[in-house]
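Asks: First, the structure itself, so that you have it in front of you.
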Amino acid sequence: MRGAVASSAESGEAIVGTQSLDRGLALLLYVASSPPPGLTLAACTAELGLSKATTLRMLQTLVRRGFLDLDSETGLYTLGPTTIHLGAEYLRRIDVRSRALPHMRALVTATRETAHLGVLRGTNVVYVELVENDVPVRIFSQIGDAVPAYATATGKAILAWLPHQQILKHLPKTLSARTPNTITSVERLLDDLRATRERGYAIDETENRENVRGFAAPIFDHNTEVIAAVAVAAPSDRITPELEATMADEVLRAARIISVEMGAVLQ
């Protein structure tokens, strides 16, 4: 195979006994990589280097299985509905924890501080993954810990990218103070979430634990909907201005990479 088909397949020679399957899949990839409005039988035949009759049989099989559609008026082949179902199922099965873990490790390496991955559950954020640092004074958290979303960088990074009414649904009736710095006013919290969205990441200014600061950025899925947040936290007396800038930059970088791997298309 030539050009886009060969590079898309990235599989070298076909396994013995599967040449027909390999050609059919290469044909599907060729149609998928072509720009609208689609490809003709002649174009497909030229690309495959096979006879017109053989190419037609493969195209007819792909159409019958729903992988391709044929416009009977123009004779153009395009992707069919089966490819949508396969793509949606692939995206549904992507595990944010497994995607995030290597980037959380890189985040810890870059900052030497503890990284968390959290998801929103009711009014709490639940930590579903954790990578600890190796310095003597650590932030002690556990996978499965649930803390009020409004009082953490992880929670605020998710809340900030929700529609207004959804934000309110994830807040308790009373924003109880967990430390002297906890935001206990809904109006102040909404202001903080607006600022979070503007800068791209959330900050926990010792709002959940005294002497602990955190920075978190949202993770988006293939629908560009926020599904989680990745965070890094440290004792506040250890965070210099230089480390603060590094933590913010690195958490943004990690969140962006994870989002792309989850299928998000970001600006």
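Asks: Consider only pairs whose beta carbons are under 9 Å apart and that are at least six residues apart or on different chains; among these, list those whose first residue lies in segment 73-97 and is open to solvent by 60 Å² or more (accessible area, probe 1.4 Å) and of a type in the set (A, V, I, L, M) and whose second residue is in a helix (DSSP H, G or I) and at pLDDT 85 or above.
Replies: Close Cβ pairs (under 9 Å, with a partner that is in a helix (DSSP H, G or I) and at pLDDT 85 or above) amount to 79/28; 79/31; 79/32.
Asks: Only one residue in 206, 174 is open to solvent by 60 Å² or more (accessible area, probe 1.4 Å), out of contact with any Leu (no Cβ under 8 Å at 6 or more places or on another chain) and not small (Gly, Ala, Ser). Which one?
Replies: So the residue among 206, 174 that is open to solvent by 60 Å² or more (accessible area, probe 1.4 Å), out of contact with any Leu (no Cβ under 8 Å at 6 or more places or on another chain) and not small (Gly, Ala, Ser) is 174.
Asks: Just to be sure, is residue 266 more than 18 Å from residue 117 (Cα to Cα), within 18 Å of the chain's Cα centre (by Cα) and surrounded by fewer than 19 Cβ atoms within 10 Å (Cβ to Cβ)?
Replies: When the stated conditions are applied, residue 266 passes them.
Asks: Right, another one. Would you mind telling me which numbered condition in (1) part of a helix (DSSP H, G or I); (2) closer than 18 Å to residue 127 by Cα; (3) of a type outside the set (D, E, K, R); (4) open to solvent by 50 Å² or more (accessible area, probe 1.4 Å) residue 227 fails?
Replies: Just one mismatch for residue 227, condition (1).
Asks: To continue, here is another question. Checking the condition modelled with pLDDT of 90 or more, closer than 30 Å to residue 28 by Cα and within 18 Å of the chain's Cα centre (by Cα), which residue from 65, 57, 99 passes?
Replies: Answer to the check: 99.
Asks: When you scan segment 185-200, do you find a residue that is in contact with a Gly (Cβ under 8 Å, 6 or more places away or on another chain), closer than 20 Å to residue 251 by Cα and of a type outside the set (Lys, Arg), even just one?
Replies: Within segment 185-200, not a single residue is in contact with a Gly (Cβ under 8 Å, 6 or more places away or on another chain), closer than 20 Å to residue 251 by Cα and of a type outside the set (Lys, Arg).
Asks: Do you know which residues across segment 230-246 are surrounded by fewer than 18 Cβ atoms within 10 Å (Cβ to Cβ) and among the aliphatic types (A, V, I, L, M)?
Replies: Residues satisfying the conditions are 243, 245.
Asks: While we're looking at this one, here's another question. Mind listing whichever residues of segment 211-224 are within 29 Å of residue 180 (Cα to Cα) and surrounded by fewer than 20 Cβ atoms within 10 Å (Cβ to Cβ)?
Replies: Selection gives 211 alone.
Okay, residues lined up against (1) open to solvent by 70 Å² or more (accessible area, probe 1.4 Å); (2) assigned to a loop (DSSP other than H, G, I, E, B); (3) in contact (Cβ under 8 Å) with a residue 24 or more places away in the chain; (4) on the phi < 0 side of the Ramachandran plot:
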site	(1), (2), (3), (4)
60	yes, no, no, yes
63	no, no, no, yes
70	yes, no, no, yes
107	no, no, yes, yes
126	no, no, no, yes
144	no, yes, no, no
154	no, no, yes, yes
158	no, no, yes, yes
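Asks: When the residues of segment 220-261 are filtered to those that are touching a Lys or Arg at 6+ places or on another chain (Cβ under 6 Å) and at pLDDT below 95, which remaining residue is nearest to residue 129 (Cα to Cα)?
Replies: For segment 220-261, the residue satisfying everything is 261.
Asks: Would you pick out the residues in segment 195-224 that are of a type in the set (Gly, Ala, Ser) and not in a loop (DSSP other than H, G, I, E, B)?
Replies: Those that are of a type in the set (Gly, Ala, Ser) and not in a loop (DSSP other than H, G, I, E, B): 195, 202, 214, 216, 217.
The values are calculated or read from the model by the stated rules, or taken from the named source; none is laboratory data. Computed from a predicted structure; not experimentally measured. Using ideal geometry, Cβ is built from the backbone for each residue, glycine included, and neighbour counts are taken over all protein chains shown. These accessible areas exclude ligands, DNA and RNA; they are computed on the full protein's heavy atoms, side chains included. Shrake-Rupley method; radii C 1.70, N 1.55, O 1.52, S 1.80 Å.
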